[in-house]
């Protein structure tokens, strides 16, 4: 049960009652009505802005309308007190039983607690990683992979039908460069002395593996042939082999895509022509001359007629070229076709996860998506900032294999999948992330992944001890929910835990609506902090310990509480793609 949504529904019903009684006008627009925790915890448990947003259309003073609501809310068995705050906010304090009952909700629902029907099974396409298939994934790719995967899981938990997609950029100049680089390594594998890799090609050691594999497959078939013959073979072989590496690395990170889309396949199938024809039919393509880019001197700029998309009609800064000087399509044209293809596959909600270096591309892609789908699809672009890899505060050396960066697999192999996934979500995606190998593996409160996992492990440890000392007690969640007299939970720390868990359904919905999976990591850290606070109080005050000799009823209630804590932590970790641990060892 989402207690905030439940009260929002009830307050809307109360407003309908007031309208039926003639106390307020009927048909008021309550779309901005909210029920949320007050900014100050001392103000109560719930706060609604109903009177504030409806007072003006109702032609009433906010506090006067608030008084009508307060009169309706008073006397409810689940409301301990209700009062008007400030200019007209209505603050409620709920009875302790409301929060205790949420513990039963958790135990009965299991890790499905927090699941929502908010999305109504609406289809959402989340495209992430989509690294050019020119080399291994690096740490920044890993951040986009974790963010996108957690966002997809979050949206699924909130009731959306999600498709996870990887867009393979296998058309254009960069894969031709890959093909030429591979050809050099292929010749090297056959015994030729190739010397230093020419500027502009990919120098990484990883291409030696590709060249050797190609030589093993084809022998000297491509030796002495012209580029027109060997380039397609070298390029396609390298793309296929590197994509297998990428899929293996994603698998090591716990990421599995539903769809791999090929840029070259779209171009070959005529998708670009189809998409641009749709724009041209609505008069959104023209031949024109662009102004010189900002920062260009006049003598650096050669104005020429270009095929342009009216991007400024849809919020972009300038109109955008669709064709190069040689008449071939720009990357932008291909990307328009790709997003149009996603729309034609049934997706009107599109989310792209990009690296920070693509920030200047956002407006044009959003404008094109709006235009080509006639406003029927929306595109949200989430930019993931850089990851700074460090060891005790010092930058980590580059990977020998990659040559220019630290590979994602290097990071996973050093600290493990769960640590990588959790830490990548401890900052907003638009903030730079410091990933210190020493700090992310230390066992301290400053390491969020340890702190949360430790809370889960402590819960499981208590339950294991209880099973040994109270073998007659059925610890099945439903049995605990039925047997526990939760009224015995009355300490401030116990109620704080119960209240925190009750906010989990709201956190899921709010994070899903905002496309912000980092909120899950923040919530888990706060829940773990509440739990550790209760644990530490039990060290000083034996009456707050979980297992109380001679009081089976209180012990059962507290076991129900910590079983619920473990369940909510596991529910949150599942969204993040992290396995909850049963025990932690130094």
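The values are calculated or read from the model by the stated rules, or taken from the named source; none is laboratory data. It should be emphasised that the depicted structure is a prediction, and the values quoted were computed from it without experimental measurement. Virtual Cβ from ideal backbone geometry, glycine too; neighbours counted across all protein chains shown.
For segment 114-129, the set of residues classified as surrounded by 24 or more Cβ atoms within 10 Å (Cβ to Cβ) and part of a loop (DSSP other than H, G, I, E, B) consists of 114, 128, 129, listed by residue number. Selection of strands (runs of 3 or more DSSP E) fully inside segment 343-408 by the criterion of at least 2 residues being modelled with pLDDT under 95 and in contact with a strand residue (DSSP E or B) (Cβ under 9 Å, 6 or more places away or on another chain) returns 387-391.
Scanning segment 163-195 for residues that are in contact (Cβ under 8 Å) with a residue 60 or more places away in the chain and not in a loop (DSSP other than H, G, I, E, B) yields a count of 8.
Restricting segment 265-297 to residues that are outside any helix (DSSP H, G or I) and either under 14 Å from residue 373 (Cβ atoms) or in contact with a helix residue (DSSP H, G or I) (Cβ under 6 Å, 6 or more places away or on another chain) (or both), the residue that is modelled with the lowest pLDDT is 282. Answer yes or no as to whether residue 462 is within 20 Å of the chain's Cα centre (by Cα) and part of a helix (DSSP H, G or I). Considered against the rule, which asks whether it is within 20 Å of the chain's Cα centre (by Cα) and part of a helix (DSSP H, G or I), residue 462 comes out as no.
Yes or no: residue 224 farther than 29 Å from residue 147 by Cβ and touching a strand residue (DSSP E or B) at 6+ places or on another chain (Cβ under 7 Å)? Answer is no for this residue. Of all residues in segment 548-586, those satisfying the criterion of being surrounded by fewer than 16 Cβ atoms within 10 Å (Cβ to Cβ) and farther than 30 Å from residue 146 by Cα are 549, 550, 551, 552, 553.
Those helices (runs of 4 or more DSSP H) of segment 1-78 in which at least 3 residues are under 25 Å from residue 158 (Cβ atoms) and under 38 Å from the mean Cα position of the chain (by Cα), considering only elements entirely within it, cover 3-20.
Listed here are the residues, each with its yes/no results for (1) assigned to a helix (DSSP H, G or I); (2) within 13 Å of the chain's Cα centre (by Cα).
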site: 509; (1), (2): yes, yes
site: 512; (1), (2): yes, yes
site: 523; (1), (2): yes, no
site: 529; (1), (2): yes, no
site: 537; (1), (2): yes, no
site: 543; (1), (2): yes, no
site: 564; (1), (2): yes, no
site: 580; (1), (2): no, no
site: 585; (1), (2): no, no
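Restricting attention to segment 531-544 and to residues that are surrounded by fewer than 23 Cβ atoms within 10 Å (Cβ to Cβ) and in contact (Cβ under 8 Å) with a residue 12 or more places away in the chain, the residue that is nearest to residue 153 (Cα to Cα) turns out to be 532. Scan segment 427-448 residue by residue and report those that are closer than 16 Å to residue 151 by Cβ, surrounded by fewer than 19 Cβ atoms within 10 Å (Cβ to Cβ) and touching a helix residue (DSSP H, G or I) at 6+ places or on another chain (Cβ under 6 Å). Matches in segment 427-448: 428 only.
For residue 583, the conditions (1) under 14 Å from residue 494 (Cβ atoms); (2) at pLDDT below 95 all hold with the exception of (1). Would you mind stating whether residue 201 is surrounded by fewer than 19 Cβ atoms within 10 Å (Cβ to Cβ), outside the structural domain of residue 524 (by TED's automatic domain parsing) and not in a helix (DSSP H, G or I)? So residue 201 passes the test.
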